[in-house]
Amino acid sequence: MNQQINIGLFGFGIVGNGLYEVLRQSPATHATISRICIKNREKQRQLPPEMFTFDPGDILDDPDINLVVELIDDAAAAYTIVKSALEHGKSVVSGNKKMLAAHLPEFITLQAGNGTGLLYDASACGSIPVIRNLEEYYDNDLLQSVTGILNGSSNYILTKMFSQGLDFATALTLAQELGFAESDPTFDVGGLDALYKLVIITVHAFGVYVQPGEVFNCGIANISEKDMQFAREKGRKIKLVAQVRKNPEGSLSLYVMPRMVSPDKYIYNVEDEFNGVVIKGAFYDKQFMFGKGAGAYPTGSAVLSDITARGYDYRYEYKKMKLDGRPAFTNNANVNVYLRYSKESDLNLFCFENIRERYYSDEFGYVTGLITLENLHRVRDLLAGMDVFLAEI
């Protein structure tokens, strides 16, 4: 039954405003925003002052509010809000992928104990409903991998670098001016945003939860024209790609890194702020989902979809987490990579299984070859201070 939903909204930034506008233009939706909790007392807002509060209790303790929507960028504060709402018996829609990736097992337990629902499709791929599809339609035994461009900001930057010849700094500035990247872009270009989304996706794809800190990730901040030229010579584009895959022996590996993508791959033509997800199965081969991954309205519409689903009492069942024989996570898996470096001492930190191609010059060098995710994870925290660029081939 589609019940009336009275929303208590936390946060009224870009996505919160987007949700408000989407709701306002969806008259058939049985949902209204009753109260909005904000923290900035000085910022001027267009809505009546009585819509706003600075006290979370005004929402959490209000018996008429039956859904909390959390859209703030502070992961610690978001955790407190979501946990408290679930304990108060209120269902929640959240878009905070960092907070969700860190606390998902706890929230699964809280939902079961309090008879509530927590939906967060909007946290994973913007407007693409990947979580609900993985939850409902893809059997764990048949699913082989989920691969995707999960961060619209970094994809926009890489698109402009490849298509217009912009350098990284210029492309980043353009993304910031258009609202696709934050003033501090580390979350996006460092691969962290994609990492948290991948952790969430893996729970629904394979029923396996992996702590974000155990997963190798690297971003695009060190990319240069040299790397773009290498990709062009190989007939490829560089994309920031997240992947969870079953290994031949049945274990499970996750990682986020730039990838040299060939034209025969679906994600080759995913450009600008769009996301693309490829779901591969043992018998149905590959299925592709595409949509905008950044922006107020695409994300706001994804939040609205979760809100509407709660109106029909929809909740994730986490069926795959209850199955026997779930795959075990491992970093003991090979990836074929390109590594561009300027100092031999940096190269020596990487323990390649074998090297297939090598290039030297006075200015820089590169190698391609096989290396384990375990070895990459060992040097992950050093990458930001090194003049290297790493990409999967």
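Read-outs: derived from the displayed coordinates by stated rules, not from any lab. Please read all numbers here as calculations on a predicted model, not as lab measurements. With ideal geometry, Cβ positions are generated from the backbone for all residues, glycine too; neighbour counts draw on all protein chains shown.
Observations
- At most 10 other Cβ within 10 Å, DSSP loop - trypsin sites (Lys or Arg not before Pro), the range 25-83: ARG41, LYS43
- Exposure rule at most 11 other beta-carbon atoms within 10 Å, DSSP loop chymotrypsin sites (Phe, Trp or Tyr not before Pro): the chain longest free segment: 55-282
- Kirkwood Rh, angstrom, the range 239-386 [1 / mean 1/r, Cα pairs]: 18.9
- A DSSP coil position with no more than 13 other Cβ atoms inside 10 Å describes the following GluC sites (Glu not before Pro) in the range 228-292: GLU249.
- Pair-distance distribution of the range 5-120: all C-alpha pairs, bin width 10 Å, starting at 0; shares per bin in whole percent are 13, 49, 32, 6, 0.
- For the chain, complete DSSP H runs whose alpha carbons reach 20 Å or more along their own long axis and whose mean Kyte-Doolittle score is 0.5 or higher are 192-206.
- Only helices enter this figure: runs of n ≥ 4 DSSP H residues, each worth -39500 (n - 2.57), summed and divided by the residues of the chain, yield -10000 deg cm²/dmol at 222 nm to the nearest 500.
- Semi-axis lengths, largest first, of the ellipsoid equivalent to the range 262-323 are 26, 22, 8 Å, with √(5λ) applied to each eigenvalue of the Cα gyration tensor.
- Pairwise centroid distance, computed over Cα atoms, of the range 354-382 with the range 50-127, Å: 42
- The distance between label points at GLU317 and ASN348 comes to 5.7 nm (points 7 Å beyond Cα on the Cα→Cβ vector).
- Partners of LYS83 within straight-line reach, counting lysines whose Cα lies under 18 Å from its Cα and excluding those fewer than 8 residues away in the same chain: LYS97, LYS98.
- Coarse-grained scattering of the chain at q = 0.07 Å⁻¹, given as base-10 log I(q)/I(0) from a Debye sum over alpha-carbon atoms: -0.33
- Pairs beyond 26 Å (Cα-Cα), from LYS90/LYS286; LYS197/LYS322; LYS43/LYS90: LYS90/LYS286; LYS43/LYS90
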